[in-house]
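The values are calculated or read from the model by the stated rules, or taken from the named source; none is laboratory data. Keep in mind that this is a model prediction, so the values were computed, not measured. Positions of Cβ are generated from backbone atoms using ideal geometry, with glycine treated the same way; all protein chains shown enter the neighbour counts. Side chains are part of the model used for accessible areas, which takes the heavy atoms of the whole protein and leaves out ligands, DNA and RNA. Shrake-Rupley method; radii C 1.70, N 1.55, O 1.52, S 1.80 Å.
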Amino acid sequence: MMIALDRDGFVALAYTVWAIALGGLVVWTLAEHTLARAALRRVNRASTMFGERSGS
Amino acid sequence: MLTRYANPQRFLGLAGPTAWALGALAVVFIGLGISQGWAAPPEQDQGVTARILYIHVPSAWMSMAVYVVMAAASLVWVVWRHSLADLAAKAAAPLGAVFALITLISGSLWGRPTWGTWWVWDGRLTSMLVLLLIYLGYIALRAALEESPQAPMAGAILCLFGLANLPIVKFSVDWWSTLHQPASVLRLGGPTLATEYLVPLLYSFVGHGALFGCLLLIRMQSELLRLRARRLGEAHG
């Protein structure tokens, strides 16, 4: 495959890959955290019927 | 002290503010490293391509440092059976895998204009690929065993065996003839890199390290919250 890139192009591509990879990691981590908190909140709500509660 | 902070409840209380502080530190230091690095004059042989240094090298160092953290946590689990240590190893693996992937891709994008090739099967590049495969193997193993009681021990054994690859990654450029340049920062006799490139590189490394710490703490928190929700759910059927 022939890719016509000058030196600036290679640098730009490398930084784009880096930004997408680390940005994706941050978004994924925060999304998982939000889901985990929501799951605990849901269970906590359900368990209040039994008079128990777990801190989040 | 280890036992004091290894209490899950105390950990949850401390992890939140620490993660925010590390996140802020990461933004500041990565910003400083890249802005100062780009402000430095282009390198005389490689020109602007050398700017890939500020993301490639910190990612490479982090991919190895994360593995050391995983191996230390696995060892703590094997010796003391502390669940937070296993949680740390499990949470760190995807972060290390992403750092290794960034290293390989940015290295390839640096190698093409510098060496005239995207890839060579030499010691440094191949051992870094093996490191990525070990990370992926660990993640796959943990995903396959899921909630099995054998999962932490199986993960720890794989991780500790994989540790043998780290010296190969580090010293491959000294042991074998390779296109990859020899160590220019972490070497006996001190760094050979000019200060105007070295300082931004170190800033960027500190920033990448802080980002890892921030994400690790958040991922461990998430895993603890998920476990707590599951146990509470099971308790109430």
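Here are the numbers:
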read-out: Accessible area buried between chains B and A, both sides summed, probe 1.4 Å, in Å² to nearest 100; value: 3100
read-out: Point-to-point label distance, B:LEU75-B:ALA164, nm (Cα→Cβ direction, 7 Å offset); value: 1.7
read-out: Solvent exposure of chain B as accessible area per residue, Å², 1.4 Å probe; value: 47
read-out: Label-point gap, in nm, between A:ARG41 and B:LEU227 - each point 7 angstrom along Cα→Cβ; value: 2.3
read-out: Accessible carbon and sulfur surface of the stretch B:63-201 relative to its total accessible area, %, 1.4 Å; value: 71
read-out: Quarter of Cα convex hull surface for chain B, i.e. mean projection, nm²; value: 14.7
read-out: Estimated distance in nm for a label pair at B:VAL130 and B:VAL185, the labels positioned 7 Å out from Cα along Cα-to-Cβ; value: 2.4
read-out: Net charge of neighbours whose Cβ lies under 14 Å from the Cβ of B:VAL69, counting Lys and Arg as +1 and Asp and Glu as -1; value: +1
read-out: Chain B - mean residue ellipticity at 222 nm from DSSP helices (-39,500 (n - 2.57) per run, n ≥ 4, rounded to 500); value: -27000 deg cm²/dmol
read-out: Axial C-alpha extent at least 27 Å, average Kyte-Doolittle at least -1.0 - helices from chain B (DSSP); value: B:8-39, B:53-80, B:83-115, B:123-145, B:195-235
read-out: Inter-chain shielding of B:218-229 (mean C-beta neighbours from other protein chains, 10 Å cut-off); value: 6
read-out: More than 34 Å apart - percent of Cα-Cα pairs taken over the protein assembly as shown; value: 27
